[in-house]
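What follows is a set of notes on a single structure, which appears directly below.
The values are calculated or read from the model by the stated rules, or taken from the named source; none is laboratory data. Being a predicted model, the structure only gives us computed values, none of them experimental. Positions of Cβ are backbone-derived with ideal geometry, glycine not excepted, and every protein chain shown enters the neighbour counts.
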């Protein structure tokens with residue numbers, strides 16, 4: 001199912017890029033953006049983990065520097081039957097975490113410094129089990145590709161806006177130009193469309209990762225407690241992160257911003273905690 005989602009996501013976002021190219025430059029613009037989308041599909045598939053790590057400024061951490069982190073992840077991967085992922089730490093004081101990679105053999109898990117400081121061992125285990133569940137469920141590639149394309153679309157939209165301001169990208173002899181007003185509207189619609197695609201894909205996978213992670217950890221209590229702490233902290237402690245990668249995290253790192261709430265990629269924490277409370281683990 002997730003393989004289908006990957007191809008569907010690549011297709012939808014490629015169509016969106018081609019539509020932007022066609023609107024800006026007619027047939028030649030559509031062809032140029034089609035070639036760009038092919039290159040992005042290749043790059044985001046094979047180098048998705050590097051893209052996410054770069055977006056979040058995470059740095060690799062050694063077992064000597066984070067022995068408890070390695071101990072918990074090693075134990076959880078053995079229970080889940082997964083290979084050991086590469087581990088990273090993001091310098092942000094906001095407690096949060098994410099997983100990335102194209103498959104279990106090419107996966108990485110990153111946690112923030114704030115997460116390591118705030119959570120006790122049981123809660124940290126719950127969060128790491130959740131992230132490894134994304135790896136096991138093979139949905140980390142979907143999220144990272146969405147982040148790559150959303151970031152690219154947002155960047156293109158910014159270029160379009162500045163181009164429109166300085167009178168570029170207007171009418172096209174091949175019949176594809178939108179003119180000044182149309183270009184401005186396109187620049188506004190493109191990132192919204194990318195956010196909607198992210199939202200549609202991301203919300204359901206969080207529930208599944210919560211359940212899979214709780215079963216791996218042996219209890220949902222640690223994760224439930226961690227989610228409540230993380231939600232509270234996300235409103236109090238800002239995090240400098242590319243909005244295109246916000247859906248990768250276990251809780252929305254931009255939840256304190258009104259625009260981020262409008263396009264939330266995460267289900268409500270209260271609903272996630274309630275589901276974990278009802279989960280029966282033998």
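Of the residues that sit in the stretch 207-220 and are assigned to a helix (DSSP H, G or I) and either out of contact with any helix residue (DSSP H, G or I) (no Cβ under 7 Å at 6 or more places or on another chain) or farther than 24 Å from residue 119 by Cα (or both), which one is modelled with the lowest pLDDT?
208
Which of the residues belonging to the stretch 235-250 are buried (at least 23 other Cβ atoms within 10 Å of the Cβ) and under 22 Å from residue 210 (Cβ atoms)?
Listed by number, the residues that qualify are 245, 246, 247, 248, 249, 250.
If you go through the stretch 47-80 one residue at a time, how many are outside any helix (DSSP H, G or I) and either in contact with a strand residue (DSSP E or B) (Cβ under 9 Å, 6 or more places away or on another chain) or closer than 30 Å to residue 14 by Cβ (or both)?
At the first step, the residues of the stretch 47-80 found to be outside any helix (DSSP H, G or I) are 47, 57-66.
Still in the running and either in contact with a strand residue (DSSP E or B) (Cβ under 9 Å, 6 or more places away or on another chain) or closer than 30 Å to residue 14 by Cβ (or both): 47, 57-63, 65-66.
Counting residues in the stretch 47-80 that are outside any helix (DSSP H, G or I) and either in contact with a strand residue (DSSP E or B) (Cβ under 9 Å, 6 or more places away or on another chain) or closer than 30 Å to residue 14 by Cβ (or both) gives 10.
Which residue pairs have Cβ atoms under 8 Å apart, sit 6 or more places apart or on different chains, and have a first residue in the stretch 1-30 that is at positive phi and in a helix (DSSP H, G or I) and a second that is surrounded by fewer than 20 Cβ atoms within 10 Å (Cβ to Cβ) and modelled with pLDDT under 75?
26/172; 26/173; 26/174; 26/175; 26/176; 26/177
Identify the residue in the stretch 15-46 that is within 27 Å of residue 136 (Cα to Cα) and either touching a strand residue (DSSP E or B) at 6+ places or on another chain (Cβ under 9 Å) or crowded, with 16+ Cβ neighbours inside 10 Å (or both) and, among all such residues, is modelled with the lowest pLDDT.
The residue in question is 44.
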